[in-house]
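This report concerns only the one structure given below.
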Amino acid sequence: MEQLTYTLTLRVYGKEKVIGPGMAELLEKIDALKSIRKATADMGMAYSKAWRILKNAEDSLGFALLSLTTGGKGGGGAQLTQEGRDFLDAYRRFEREVGEQAERIFERIFEQ
């Protein structure tokens with residue numbers, strides 16, 4: 001028998017989807033690049049889509065994920081709020097722990 005594999009994708013919902021792999025990547029890129037526009041360009045994501053999913057997530061969560069600086073001489077920017085950073089860290093921790101459990105279960109059930 002060929003070696004079996006699986007894919008596990010975790011999404012967290014409030015009123016709507018709040019975070020999944022794509023949103024987590026977007027938040028990490030915004031944090032690294034300090035710019036929504038640069039993050040979306042790097043991901044090949046429409047800027048308008050990023051704004052929509054960020055707004056929906058913040059509405060569901062009840063707190064801001066990002067702190068924004070408007071443009072001007074030095075240009076604008078974005079960074080994660082402390083609540084945003086804590087939420088992203090919690091999602092990544094949840095993803096890692098569920099993945100570890102899933103791997104053990106998969107190996108036991110499929111005798112890998």
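The values are calculated or read from the model by the stated rules, or taken from the named source; none is laboratory data. What you see is a predicted model, and the numbers here were worked out from it, not measured in a lab. Quick reminder, even Gly has a Cβ in these numbers, built from the backbone with ideal geometry, and neighbours come from all protein chains shown. These accessible areas exclude ligands, DNA and RNA; they are computed on the full protein's heavy atoms, side chains included. Shrake-Rupley method; radii C 1.70, N 1.55, O 1.52, S 1.80 Å.
The numbered conditions (1) free of Cβ contacts under 8 Å to residues at least 60 places away in the same chain; (2) surrounded by fewer than 12 Cβ atoms within 10 Å (Cβ to Cβ) are all true for residue 6 except (1). Has segment 19-26 got at least one residue that is at pLDDT 95 or above, β-branched (Val, Ile, Thr) and not in a helix (DSSP H, G or I)? Yes, segment 19-26 has at least one match. Here is a check on your reading of the model: is residue 99 more than 25 Å from residue 7 (Cβ to Cβ), in contact (Cβ under 8 Å) with a residue 40 or more places away in the chain and open to solvent by less than 80 Å² (accessible area, probe 1.4 Å)? For residue 99, the condition - more than 25 Å from residue 7 (Cβ to Cβ), in contact (Cβ under 8 Å) with a residue 40 or more places away in the chain and open to solvent by less than 80 Å² (accessible area, probe 1.4 Å) - is not met. Scanning segment 9-18 for residues that are at pLDDT 95 or above and in a loop (DSSP other than H, G, I, E, B) yields 9, 10, 11.
Under the condition of being closer than 17 Å to residue 35 by Cβ, open to solvent by 60 Å² or more (accessible area, probe 1.4 Å) and either of a type in the set (D, E, K, R) or free of Cβ contacts under 8 Å to residues at least 12 places away in the same chain (or both), the residues counted in segment 73-95 number 3. Out of all the residues in segment 28-69, which are among the polar types (S, T, N, Q), touching a residue at least 24 places away in the same chain (Cβ under 8 Å) and either open to solvent by 50 Å² or more (accessible area, probe 1.4 Å) or part of a helix (DSSP H, G or I) (or both)? Matches in segment 28-69: 56, 60.
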